[in-house]
Amino acid sequence: HHQQREEVFITKKTAATDGPAVTGHLADMLKNDNYWDTFSFAPIRESIVSRAMTRRYFADLDSYAESDIVIVGAGSCGLSCAYTLGKLRPDLKIAIIEAGVAPGGGAWLGGQLFSAMVMRKPADLFLSDLGVPFEDEGDYVVVKHAALFTSTVLSKVLLLPNVKLFNATAVEDLITRKGDDGEKLRVAGVVTNWTLVSMHHDDQSCMDPNTINAPLVISTTGHDGPFGAFSVKRLVSMKQIEQLGGMRGLDMQSAEDAIVKNTREIVPGLIVGGMELSEVDGANRMGPTFGAMALSGVKAAEEALKVFDL
Ligand code: AHZ
């Protein structure tokens, strides 16, 4: 037994010292036998950590109070849209508002229960652009874990200098302006608050919300539920659309085409994409196949660029 342990130790040590896989700074740490005996972290004071976070957070709130585009919801559709827009137009300032602490929406939650994520072609083009590997099964492709898709699109979005994700922040109303014809309102931004505050409007009164002015809002808040379909439900209560069609039962074949094709500006200044749209149009749901969410995000980005190219 002793001898076995010795061998394991020697193999590990050899790999760490000579192995080709670990290079750079990590190798510098591993090749020095006394590294952990002599190391200590650089000095810190607690307030420095607090200030390092809050100074940046409030500077971002200040800067993004005037944004070019607000994306509501960081699910698979919202993130795909942010990736496409942020990459195509580095000149646009894009705020993403996500009610949950964890971004990713359904793709990060139930979408991981069987690990793999299915996307029907041609959504493989989006995966290739992202650099997410997949197995080609003919009409559809399979990513080995849904988390690989979500974490990759999220990391690429977060690396873009012109995009800011505010999580744990709920959009609790839309900013509107009277349209030129005096009837159809224009959406001109969003009212936000920390989600925990938004959830307590019933038992704590008068908690100031925040605002973001933006000429264009893209809403991707998912189908109706505790959080979903936020913007389109608000459009009904402010009488900008008469009623919602209501999401219909599951039909993969028709649902995905319908969502992508109908991703559009619903009222001036508000584009709706992803499963939120099924509530407007009375479209079917597609269940656990995610190509339409990625491509609805791309279509929403294209619709947005039409507005900005005018
Ligand atoms: O937390 C919500 C989620 O992350 C967020 N959200 C909702 N209301 C919000 C609000 N303010 C800020 N008022 C809000 N954020 O929006 C995100 C929506 O993500 P999602 O994954 O639910 O929607 P999606 O359209 O991107 O993807 C839908 C995925 C589904 S559902 C489905 C089916 O039921 O058949 N099939 C697919 C592919």
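Among Asn34, Asn210, Asn193, the largest mean-square fluctuation in a Gaussian network model of the chain, built with springs joining Cα atoms closer than 10 Å, belongs to Asn34.
Hey, if we sort Arg51, Arg234 by accessible area with the 1.4 Å probe, largest down, what's the order? Could the numbers behind the result be given before it?
Numbers: Arg51 150, Arg234 70 Å².
These residues rank, largest area first, as Arg51, Arg234.
Got a sec? Charge dipole of the range 18-110, +1 on Cβ for Lys and Arg, -1 for Asp and Glu; which of Leu92, Phe41, Thr23 is way out at the positive end? Of the listed residues, the answer is Leu92. Charged side chains reduced to their Cβ positions (Lys and Arg at +1, Asp and Glu at -1) give the range 201-294 a dipole of some 200 debye around its Cα centre.
Given 0.36 nm per residue, what is the gain on full extension from Asp139 to Leu26 after removing their alpha carbon distance, in nm? Could you put the intermediate results ahead of the total?
Working: separation 113, 0.36 × 113 = 40.68 nm, distance 4.21 nm.
Fully extending the segment from Asp139 to Leu26 adds 36.5 nm.
Simple spin-label estimate for Asn213 and Glu66 gives 0.7 nm between the two label positions (7 Å along the Cα-to-Cβ direction from each Cα). When each of the peptides 211-222, 107-118 is scored by how many other beta carbons lie within 10 Å of its residues on average, the order from highest to lowest is 211-222, 107-118. Distance between the modelled labels on His201 and Arg51, one decimal in nanometres: 3.7 nm (7 Å Cα→Cβ projection). Each Lys or Arg adds one and each Asp or Glu subtracts one; over the other residues with Cβ under 15 Å from the Cβ of Gly249, this totals -3. Note on surface exposure: Val232, Val298, Val191 rank Val298, Val191, Val232 by accessible area, highest first, 1.4 Å probe. Shown for the range 22-80: the carbon plus sulfur share of the solvent-accessible area, taken with all protein chains present and a 1.4 angstrom probe, equals 59%. Among DSSP bridges having both ends in the chain, what percentage is antiparallel? Round to the nearest 5. Restricted to the chain, the bridges split so that about 50 percent are antiparallel. Taking Cα atoms, how many degrees apart are the long axis of helix 291-309 and the longest axis of the chain, rounded to 10 and kept between 0 and 90? Roughly 60 degrees, rounded to the nearest 10.
Looking at the chain as a GNM with Cα springs under 10 Å, which of Val70, Val49, Val157 has the largest mean-square fluctuation? Looking only at Val70, Val49, Val157, the biggest GNM fluctuation is shown by Val49. Under 5 Å between amide hydrogens, built in the peptide plane, is the criterion, and for Ala168 it picks out Glu98, Gly100, Val101 among residues at least 5 positions away or on other chains.
Taking the solvent-accessible surface of protein heavy atoms with a 1.4 Å probe, what is the per residue accessible area of the chain in Å²?
Working: 17460 Å² over 310 residues.
Accessible area per residue, the chain: 56 Å².
In the range 149-247, which GluC sites (Glu not before Pro) are in a loop and have at most 16 other Cβ atoms within 10 Å, using DSSP for the loop call? If you can, show how the numbers build up before the last one.
Details: sites: Glu172, Glu183, Glu242; in loops: Glu183, Glu242.
Counting only loop positions with at most 16 other Cβ atoms within 10 Å, the GluC sites (Glu not before Pro) in the range 149-247 are Glu183, Glu242.
Evaluating 6.51 cos²θ - 1.76 cosθ + 1.60 at θ = phi - 60° for every residue in the range 23-29, the Karplus couplings come out as 10, x, 5, 5, 5, 4, 5 Hz, glycine and proline recorded as x. Taking Cα centre as origin and charging only the Cβ of basic (Lys, Arg, +1) and acidic (Asp, Glu, -1) residues, the dipole magnitude of the range 72-200 rounds to 360 debye. In the elastic network of the chain, a GNM with C-alpha springs shorter than 10 Å, the most mobile of Ala147, Ala188, Ala42 is Ala42. Per atom type, the range 185-310 shows carbon and sulfur on 55% of its accessible surface, probed at 1.4 Å.
The values are calculated or read from the model by the stated rules, or taken from the named source; none is laboratory data. In this text the structure is predicted, and so the values were computed from the model without any measurement. With ideal geometry, Cβ positions are generated from the backbone for all residues, glycine too; neighbour counts draw on all protein chains shown. With ligands, DNA and RNA removed, areas are computed over all heavy atoms of the protein, side chains included. Shrake-Rupley method; radii C 1.70, N 1.55, O 1.52, S 1.80 Å.
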